[in-house]
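The values are calculated or read from the model by the stated rules, or taken from the named source; none is laboratory data. As the structure is a prediction and not an experimental result, all values here were calculated from the model. We place every Cβ from the backbone using ideal geometry, glycine too, and count neighbours over all the protein chains shown.
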Amino acid sequence: MKIIHTIQELRELLHIWRAERNTIGFVPTMGFLHDGHGALMKAARQDNDRVVLSVFVNPTQFGEHEDLEAYPRDLKGDAKLASSCGVDVIFAPTPEEMYQNPKAFVDIVDLSNTLCGVTRPIHFKGVCTVVTKLFNIVQPTRAYFGEKDAQQLAIIRKMVKDLNVPITIVGVPIVREADGLARSSRNTYLSAEERQAATILYKSIQVGKEQIKIGMPASELISSMKSVIQGEPLARIDYVSVVDAETMQIVEFIDRPVLVAMAVYIGKTRLIDNFSYTIGR
């Protein structure tokens, strides 16, 4: 497995692979990898001849008071996990390699104005821009994203469709700890007490999954899930919402495929989680 830091060197390698008619799977990440990322890499390995992993903490998706500098980084540990999952090359550029006084950005309307887009208004513009840049650099056959970041996944799918990008987007199910907490690089921020408190997100999801089956309105489902979370003193709700699974817009009645999503602060750490529901399934 190679680690490459420049766009030119990566493109030279990819040119050889494409000449050999290899399919290329791509897993874009911000690093500090865990088993959730491992599931993405393994899926890419299973589906493709070659696998590229990017490790890049993208500054354009962080707001002014967010955790860019504090975001955990461990390229050596990332390389070890990536190698065990069958990755062929890691692309780990610097911010200077990816951005030289940029004037062009990629944004999306509507899908980014709910859920995380409300409190992180520049986030998805940064995500769309860096993912577009990475897609242009790698030009993969397939790209893999986790379903934990469900709004991001919906946005990437819509962006690829609208811009006619010839890449298949593959969603990979959430990977959870034994107690249900969704795997996240930000879990490392949690103290032992906060880590225990964080299980309240999954407890709320379990309640939601049971109650959504009886056909209650979205507002009642949200109230029920919030009540569970509010029972944990260390938890502070950013949002609990029910949205159309495709458009990410708020729904009142659960009469179509929906995403039930939440963002909750445990101490100072913001965690997200979700589940999907389709009537009759």
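In the range 42-64, the residues that are under 23 Å from Arg21 (Cβ atoms) form Cβ pairs under 7 Å with partners that are among the β-branched types (Val, Ile, Thr) and assigned to a helix (DSSP H, G or I), at six or more places apart or across chains, as follows: Val52/Val138.
Among what's in the range 165-179 and is touching a strand residue (DSSP E or B) at 6+ places or on another chain (Cβ under 9 Å) and part of a loop (DSSP other than H, G, I, E, B), pick the residue that is nearest to Phe135 (Cα to Cα). Selected residue: Ile167.
Looking at Val106, is it assigned by TED's automatic domain parsing to the domain that holds Ile16, buried (at least 20 other Cβ atoms within 10 Å of the Cβ) and modelled with pLDDT of 95 or more? The answer is no for Val106.
Give the residue that is farthest from the chain's Cα centre (by Cα), with candidates limited to residues of the range 76-125 that are part of a helix (DSSP H, G or I) and more than 30 Å from Asp49 (Cα to Cα). Out of the qualifying residues, it is Glu96. Does the range 229-249 contain at least one residue that is in a helix (DSSP H, G or I) and either farther than 16 Å from Cys116 by Cβ or among the hydrophobic types (A, V, I, L, M, F, W, C) (or both)? Scanning the range 229-249 turns up at least one residue that is in a helix (DSSP H, G or I) and either farther than 16 Å from Cys116 by Cβ or among the hydrophobic types (A, V, I, L, M, F, W, C) (or both).
For (1) surrounded by fewer than 21 Cβ atoms within 10 Å (Cβ to Cβ); (2) under 30 Å from Val240 (Cα atoms), each residue gets a yes or a no:
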residue: Ala82; (1), (2): no, no
residue: Phe91; (1), (2): no, no
residue: Leu111; (1), (2): no, yes
residue: Leu134; (1), (2): no, no
residue: Ile156; (1), (2): no, yes
residue: Glu177; (1), (2): yes, yes
residue: Arg183; (1), (2): yes, yes
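A quick yes/no check of all residues on (1) part of a helix (DSSP H, G or I); (2) touching a residue at least 40 places away in the same chain (Cβ under 8 Å):
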site: Glu194; (1), (2): yes, yes
site: Ser204; (1), (2): yes, yes
site: Gln211; (1), (2): yes, no
site: Met262; (1), (2): no, yes
site: Tyr265; (1), (2): no, no
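Exactly one residue among Gly86, Gly126 is at negative phi and in contact (Cβ under 8 Å) with a residue 24 or more places away in the chain, and that residue is Gly126.
Scanning the range 141-164 for residues that are without any contact (Cβ under 8 Å) to a residue 60 or more places away in the chain, polar (S, T, N, Q) and in a loop (DSSP other than H, G, I, E, B) yields one hit, Asn164. Among the residues of the range 267-281, those identified as touching a residue at least 60 places away in the same chain (Cβ under 8 Å) and of a type in the set (A, V, I, L, M) are Leu271, Ile272.
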